[in-house]
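First up is the structure itself, then whatever we jot down about it.
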Amino acid sequence: MQTTTLSFANLHNHGELFANLFRARKQSFIVQNNWDLPEAMGMEYDQYDTPASRWVAVHDGTEILAGIRLTPTTARCGIYSYMIRDAQRHLLDSIPADLLDYEAPISDTIWESSRVFVSHTTPMNIRRRVHAYLIMEMTNAARELGASEVLGLIPANWPRWAGRCGLKAKAAGRVMDFDGHPSQVVSIDLRDNMH
């Protein structure tokens, strides 16, 4: 099992991994969750998949086991910035505007995590380990990018695993239901143990 943080600058070094991550996202979000999201060439994508973002993959060779996207809160692409802020600004019909308890920040030291998934093909007996690898690589990548905090709209069962993964996390918004998938904005404090 490997972890790789992909960017537009390094994706050429990783063969099919980047495309496979987007294929796995399609399987997870469009096929499994039945969400109405853009897709092309068997891949799910949106307006936040730009050179500003990074993508963390947990994989076995080129087979994707899990993934997550990191986007800086300073990102801009047309009218869009990052998902949580854009939802708060009423730019995203599918996410309630009251998802965050305070005004969405814009800071070089705060990144957003989104599109978190574990592939449905990942065997149950390794899912906990895959999830731990995903969170560990996400926090390492965010720290390397200069983040002291990550805001994420993630599954609402996060209190169950945050401590196990060594995260200092707290709720930053209410629990919302997305087609039977309870989710919540969470703030993850990366200031402790920064390298």
Sort 181-190, 29-38 for me by packing, meaning the mean count of neighbouring Cβ atoms within 10 Å per residue, highest on top. 181-190, 29-38
Taking N as the number of residues in segment 94-160, what is its Cα Rg relative to 2.2 N^0.38 Å? 1.29
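How high is the relative contact order of segment 79-170, in percent, counting Cα pairs under 8 Å that sit 6 or more residues apart?
Worked out over segment 79-170, it gives 28 percent.
Sorting check: for 91-99, 129-137, which peptide has the highest mean count of neighbouring beta carbons within 10 Å, and how do the rest follow? Show your work: numbers first, answer last.
Details: 91-99: 14.2, 129-137: 19.0.
Ranking the peptides 91-99, 129-137 by packing returns 129-137, 91-99.
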Whole-angstrom gap from segment 42-105 to segment 131-195, using each part's C-alpha centre: 14
With a point put 7 Å past each Cα toward its Cβ, work out how far R89 is from R164 in nm, to one decimal. 3.7
If you take every residue apart from L145 with its C-beta less than 13 Å away from the C-beta of L145, what net charge results, scoring Lys and Arg +1 and Asp and Glu -1? -2
With just the Cα atoms of segment 24-183, tell me how far they stretch along each of the three principal axes, in Å, largest first. 40, 36, 31
Modelled FRET efficiency - R0 25 Å, R76 with R129, Cβ distances, 0.05 increments: 0.10
Would you mind working out the magnitude of the charge dipole of segment 34-145 relative to its Cα centre, with +1 at each Lys and Arg C-beta and -1 at each Asp and Glu C-beta, to the nearest 20 Debye? 360
Measuring with a 1.4 Å probe in the full set of protein chains, what accessible area per residue, in whole Å², belongs to the chain? 49
Furthest towards positive pole of dipole, Q47, L65, N34, structure part segment 1-126, Cβ charges: L65
I'd like the carbon and sulfur percentage of the solvent accessible area for segment 84-161, probe radius 1.4 Å, heavy atoms only, ligands and nucleic acids excluded. 50
Based on the Cβ-Cβ distance from E103 to T62, what FRET efficiency comes out when R0 is 35 Å, to the nearest 0.05? 0.30
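The values are calculated or read from the model by the stated rules, or taken from the named source; none is laboratory data. Here the structure is a predicted model, which means the values were calculated and not measured. FYI the Cβ positions are ideal-geometry reconstructions off the backbone, even for glycines, and counts take in every protein chain you see. Side chains included, ligands, DNA and RNA excluded: accessible areas come from the protein's heavy atoms. Shrake-Rupley method; radii C 1.70, N 1.55, O 1.52, S 1.80 Å.
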